[in-house]
Each structure stands twice: as C-alpha cells, then as structure tokens.
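Here the structure is laid out as structure tokens; the discussion comes afterwards.
The values are calculated or read from the model by the stated rules, or taken from the named source; none is laboratory data. These numbers were taken from a predicted model, which means no experiment stands behind them. FYI the Cβ positions are ideal-geometry reconstructions off the backbone, even for glycines, and counts take in every protein chain you see.
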Amino acid sequence: MSLAVKHLSAFRDMWQHPFFRVVTSLSLLTWLASVALLSVRVLPIIYGKTAVPLHYNIHIGVDTVGPWWRIYLVPVIGLIIIVTNIFLARFMWSRDPVLSHVAGITALLLQIVLLTATVFIVYLSLQYA
C-alpha cells in the first residue's frame with residue numbers, strides 16, 4: 001500500500017465519525033457567517049475608503065486603522081485554523097483519537113471567538129462609517 005493511499009484511508013476513517021463531520025461543518029458555517037457578515041454589512045459602507053477602523057481600545061478609542069480589505073484578515077486566519085486543525089486531527093487520528101477530537105473542538109471554539117471579533121469589527125465599522 002502506497003503512502004498516499006494509507007493517508008487517504010486514515011482520513012476516510014476519521015471522516016466517517018459523525019463527530020468530525022459535525023464539528024467541521026459547524027466550523028465552516030461559522031467561518032462563512034463571519035465572511036458573509038463582513039461582506040453584507042460592512043463592505044458596502046467602507047469599500048474604497050483610505051482608512052477604516054480595525055481595532056478599538058477602551059482607553060484610547062480607535063487605535064488601529066488600515067485599508068478596507070484588512071477587515072478580511074480575521075476570516076483568513078479562521079480558514080487557516082480550520083485547515084490546520086483538520087490536518088492535525090488526521091495526523092493524530094492513528095496515534096491518539098482523543099487528540100483528534102480536541103483538535104476538532106479547538107477549531108470550532110476558535111471560530112466562535114473569531115466570529116465574535118468579526119461582530120465587534122462590524123459594530124465598530126458601522127459606528128465610525
């Protein structure tokens with residue numbers, strides 16, 4: 001059995017677990033929600049502006065501004081986390097399935113945190129638009 005076929009069969013074994021299908025689907029849905037939220041609510045307002053607020057500090061106020069496209073860095077980081085945790089879960093599946101479950105839950109929890117950050121970016125952009 002070649003190495004590529006062995007890795008693919010381990011991925012299939014892991015993917016047949018309903019846990020991974022549910023967690024990965026929820027992670028992807030959360031990621032899509034953050035992209036859609038930015039695209040629908042913020043992009044029409046801030047597109048083309050030279051500087052938009054990217055971070056708010058309670059002591060100073062807006063402390064980071066940048067070009068409009070930088071609001072999409074949070075979803076890009078989220079997608080990188082999802083892909084990385086899927087590969088980590090697949091790598092750990094044959095050694096310790098519990099760690100694969102931890103990687104899946106971690107991806108979902110981080111997506112929820114990033115969605116919360118996206119909501120705050122949307123709120124900030126709507127306040128200062």
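Descriptive notes on the structure:
- Scan of region 1-35 for residues that are modelled with pLDDT of 90 or more, small (G, A, S) and touching a helix residue (DSSP H, G or I) at 6+ places or on another chain (Cβ under 7 Å), ordered by number: S27, A33, S34
- Positions within region 79-129 being basic (K, R) and touching a helix residue (DSSP H, G or I) at 6+ places or on another chain (Cβ under 8 Å), in sequence order: R90
- Of the residues examined, Y47 is one that is more than 21 Å from the chain's Cα centre (by Cα) and modelled with pLDDT under 85.
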